[in-house]
Amino acid sequence: MRMNSAPGKEILALIREGNYAHPGEEEAIDLTFSSLPNNPLRLVLDIGCGRGGTADYVRRHGWGSVTGIDIDAETLASAQELYPEVTFAVADAGRISELWRSRFELIYLFNAFYAFPDQQQALKEMHSVAQPGATLMIFDYTGRDGSPHDTGSWPESGSDGKYTPFSHQSWTPLHPDHFPEELHRAGWELEQTIDFSTHYLHWYRHLCERIRFNRERITAGYGEDWYKYTSATYENLREAVENGSIGGAVYWARRA
């Protein structure tokens, strides 16, 4: 079981009542892009677009003409059916320069970067497909050394049927002290960082409430094990945000 799998994304869409796989859903998009001028002709790349809800929201609200990419072909097939006015392509974030060169004016990621196995390579690839002076926006988890999440993972089911946190599927949140230098090495210059940790806490508390509220629907559609896994995953994340080992932030950078 993985929340990044097609069934996991379907469950999140059910819980969030929209095809979003990031905390805050539409509120998070509005907060993040509130100062970005509308330009329906702006060429925009959504990396890790999942089921396409965010890409379609950005397009409908006039922030640009959006292309969404994801490594999961099954998920993208659903996205293309749901949102025919958005362009979708199956692509690995570490190899997107094989598809385009110097094309996009805005590249954004909503809670996708943490899952990339080679984040530095992904930043370089984004630089390759960005126009000179293009904007990069990364909305994601943050964490510092000493947090189990820095080398940790999602919950998994043990032999006793209980779910224990952080035992497989490694993921890496952004380190606030180191990430600006990682951006710089890949050809990006950091312009602004906005801490969203308070928002993350509110969003994950609310999400856990919604998971409990939707228990019957999740169990009916996917089984009790999926409900337990989903609940354990996000209760663990909520606890991590509450104790400060995990936060959230938005990073804005410019292609040098």
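Quick one: how many residues across the stretch 230-256 are aromatic (Phe, Trp, Tyr) and at pLDDT 95 or above?
Going residue by residue through the stretch 230-256, those that are aromatic (Phe, Trp, Tyr) are 234, 251-252.
Next cut, at pLDDT 95 or above only: 251-252.
Final tally of qualifying residues: 2.
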Problem set entry | Condition check for Ala91: farther than 29 Å from Ala256 by Cβ and either modelled with pLDDT of 95 or more or not β-branched (Val, Ile, Thr) (or both) | no
Exercise. Residue check, Gly244 against (1) in contact with a Phe, Trp or Tyr (Cβ under 8 Å, 6 or more places away or on another chain); (2) part of a loop (DSSP other than H, G, I, E, B); (3) not hydroxyl-bearing (Ser, Thr, Tyr), all met but one. Which one?
Worked result: (1)
Exercise. How do the pairs read when you match residues in the stretch 81-94 that are of a type in the set (D, E, K, R) with residues anywhere that are surrounded by 15 or more Cβ atoms within 10 Å (Cβ to Cβ), using Cβ under 6 Å and keeping only pairs 6 or more apart or on different chains?
Worked result: Asp92/Ile71
Exercise. Can you name the number of the only condition in (1) out of contact with any Pro (no Cβ under 7 Å at 6 or more places or on another chain); (2) in contact (Cβ under 8 Å) with a residue 12 or more places away in the chain; (3) assigned to a loop (DSSP other than H, G, I, E, B) that Gly62 fails?
Worked result: (1)
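For the stretch 97-106: of the residues being under 17 Å from Met137 (Cα atoms) and buried (at least 16 other Cβ atoms within 10 Å of the Cβ), which is farthest from the chain's Cα centre (by Cα)?
Arg103
Quickly run through the stretch 117-145 and pick out the residues that are of a type in the set (A, V, I, L, M) and over 19 Å from the mean Cα position of the chain (by Cα). Walk me through it before giving the result.
Taking the stretch 117-145 and keeping what is of a type in the set (A, V, I, L, M), we get 122-123, 126, 129-130, 134, 136-138.
Residues satisfying the conditions are Val129, Ala130, Ala134.
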Problem set entry | Within the stretch 129-159, considering residues that are modelled with pLDDT of 95 or more and surrounded by fewer than 16 Cβ atoms within 10 Å (Cβ to Cβ), the one farthest from Leu99 (Cα to Cα) | Gly133
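Working only within the stretch 21-53, note down all residues that are loosely packed, with under 14 Cβ neighbours inside 10 Å and either modelled with pLDDT of 95 or more or within 21 Å of Leu123 (Cα to Cα) (or both).
Answer for the stretch 21-53, where residues must be loosely packed, with under 14 Cβ neighbours inside 10 Å and either modelled with pLDDT of 95 or more or within 21 Å of Leu123 (Cα to Cα) (or both): Glu27, Asp30, Pro37, Asn38, Pro40, Leu41.
The values are calculated or read from the model by the stated rules, or taken from the named source; none is laboratory data. Small disclaimer: the values here were computed from a predicted structure and weren't measured. Backbone-built Cβ (ideal geometry, glycine too); neighbour counts: all protein chains shown.
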